[in-house]
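Here the structure is laid out as structure tokens; the discussion comes afterwards.
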Amino acid sequence: MSEVKKAIIIGAGPAGVAAAIRLTKHNNISCTVYELRPVPTTLGGAIGIPSNGLRLFDRLGLYKTLSTKGSESSDVRIHFAQGGGVVEAESVPKEVREKTGHSFMRVKRVDLMDVLLGTASEMNIPIHFGKKMVDITEDENTKSITVTFSDGTTDTADLLLGCDGIHSAVRTQYVDPPCQPEYSGISGTCVIFSTSAISAEKFESLQAINVCFTTEGAFALVPCTAAGDEIFFVFSRKLPIPESGDTKDGWEEHRKKEVESFKNMLLDGVLQSVRGKWGEVLTQAVNSTNSVSFYPIFRLPLGGKWFHGRCLLMGDAAHAMQPHAGQGVSMALEDVFLLSRLLKNKDSSLTEVFEKFEHVRRPRINRIYETAARNGERRKQTSPWALWAKEWIMWAGILAMKAVGRQQTLISDPEDLVYDIDAVDI
Ligand SMILES: Cc1cc2nc3c(=O)[nH]c(=O)nc-3n(C[C@H](O)[C@H](O)[C@H](O)COP(=O)(O)OP(=O)(O)OC[C@H]3O[C@@H](n4cnc5c(N)ncnc54)[C@H](O)[C@@H]3O)c2cc1C
């Protein structure tokens, strides 16, 4: 039988903290979270959360606070580099917005974590920072699992959740050691800048998800605060593995090169071919950046193991995917809600709970993972002629869909955005 009274959660990212909140509130399970970093992360960037994920934040009781921090809109503007024109589209179609009550939010990662950690703190959920897990053992007699940390302390519970991200130690040391992250072939440079950096008459056009494909890769400029005064800027493109290899040093070399050449590469190269007002906006945005972050995109191969004994992987630890469908955090939340539902059935053993979890989640994860990989391909280098054709095909496609009243979206199929994990048969 699966009665779980206590859970240890490794990792205080979105998956770990959301799991602690949900299992405490909904399942009356006593949760303790252990995080490797010495303090809550202040690492930057912004996270896009579409309707399927926002609905779960709502059920978690966090949506209201989140909406005071992030910018929510479904408007997308695709700016044509070659033609200088613009076409309006949607990230979340009207029908999906009506069914879910939500559209698409972009929120700074640090704000998202503030909301999650603040709620956990109000609920007195213990979160211990600076804790490095070194060992996991199970005892069949007491039906328990024990985690040992590098400072010699231990903790024992009925259930262990590995929510420690793509480089998960729980996965590599306990659940599925051979499963290692792989480079997706795409890297990005990003920065958050103030709208005051853009002159007023151009600024109006930034209050939407702004996308522009070029011959070298894609730009996105998205407001990420409720006041709309800060913009998340990202340029992503195909980039090969460093010449010196897929190693920490190799990527550090790549990072330095990309960050140092960022302004020149864009201002003297890519942006020369972006016409019209939008080219000026991008130029001002690039000129306003002082320091940018470089991130190569890694993912986990599909098909890895998700559980072993009394331990389950969730979020990126189980199924890290490319961010190009904006679904990583939402997938973590869907994991959390499904586990919470399954644990309500006290007649099932933990193994049965985990098997059911995998049965429900596997097809959904595979589908979103493939969508993200497909979306990522749009960033690949093209010739000016191929870009010209791509822009016109996109323009014609969007207008044709609008003309026949079909729902269209740039990030995921409408059925994926309306998906409700709480309504799935289990
Ligand atoms: C550049 C980029 C852009 C992205 N954009 C989006 C987006 O727009 N929308 C979206 O939904 N997703 C996006 N994602 C993906 C999203 O960040 C992840 O899916 C999400 O953070 C997963 O949450 P998680 O809690 O599973 O893992 P993480 O956020 O990685 O959190 C894991 C936590 O575990 C901790 N940890 C690691 N190892 C240990 C250990 N051994 N012991 C204890 N703690 C440990 C880490 O310090 C961290 O705090 C993006 C990712 C990247 C890289």
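Just so you know, all these numbers are worked out from the coordinates, no wet-lab data involved. Values in this document were obtained by computation on a predicted structure and should not be read as measured data. Here the Cβ is made from the backbone with ideal geometry for all residues, glycine too, and neighbour counts use every protein chain on show.
Structural remarks
- Using a Förster distance of 41 Å, the FRET efficiency for Asp75-Glu355 (Cβ separation, nearest 0.05): 0.45
- Straight-distance candidates among the lysines for linking to Lys390, with alpha-carbon spacing under 25 Å and chain neighbours fewer than 8 residues away dropped: Lys238, Lys277, Lys380, Lys402.
- Extension gain for the segment Glu140 to Ser30, taken as residue separation times 0.36 nm less the Cα-Cα distance, is 37.5 nm to one decimal.
- Using C-alpha pairs under 8 Å with a sequence gap of at least 6, the mean separation divided by the residue count of the chain gives a relative contact order of 23 percent.
- Model label points for His128 and Arg406, set 7 angstrom from Cα along the Cα-to-Cβ axis, are 5.5 nm apart.
- The distance separating the Cα centre of region 151-227 from that of region 10-75 comes to 14 Å.
- Note on the chain: GNM, Cα springs under 10 Å; of Gly16, Gly152, Gly328, the largest mean-square fluctuation is that of Gly152.
- The lysine pair count for region 64-142, using Cα distances under 27 Å and pairs eight or more places apart or on different chains, is 10.
- Candidates Val92, Val259, Val107, ranked by Gaussian network fluctuation over the chain, Cα under 10 Å, top entry: Val259
- Residues Trp306, Trp251, arranged from fewest to most other Cβ atoms within 10 angstrom of their Cβ, appear as Trp251, Trp306.
- Here the peptides 353-360, 414-421 are ranked by packing, the mean other Cβ count within 10 Å, and the order with the highest first is 414-421, 353-360.
- Contact order, relative form, for region 69-113: 44 percent (alpha carbon pairs under 8 Å, 6 or more residues apart, mean separation divided by residue count).
- The calculated FRET efficiency for Ser199 paired with Lys263, based on their beta-carbon distance and R0 = 30 Å, is about 0.95.
- For the pair region 114-138 and region 411-426, the centres of their Cα atoms are 29 angstrom apart.
- Listed by number, the DSSP H helices of the chain that run 24 Å or longer by alpha-carbon position along their axis and have mean Kyte hydropathy of at least 0.5 are 384-403.
- Whole-Å distance, taken between Cα centres, linking region 366-408 and region 265-295: 23 Å
- At R0 = 51 Å, FRET efficiency that the Cβ-Cβ distance of Lys6 and Glu253 yields, to 0.05: 0.65
- Extension gain for Lys390 to Val110 (0.36 nm times residue separation, less C-alpha to C-alpha distance): 97.2 nm.
- For the chain, calculated [θ]222 nm from helices alone, where every DSSP H run of n ≥ 4 adds -39500 (n - 2.57): -11500 deg cm²/dmol
- Available extension along the chain between Glu88 and Thr153 is 17.8 nm, counting 0.36 nm per residue and deducting the alpha carbon span.
- Cut-off under 5 Å, modelled amide H: who pairs with His128 long-range: Val33, Tyr34, Glu35
- Prolate/oblate/rounded label for region 1-120 (Cα gyration tensor, a/c 1.5): prolate
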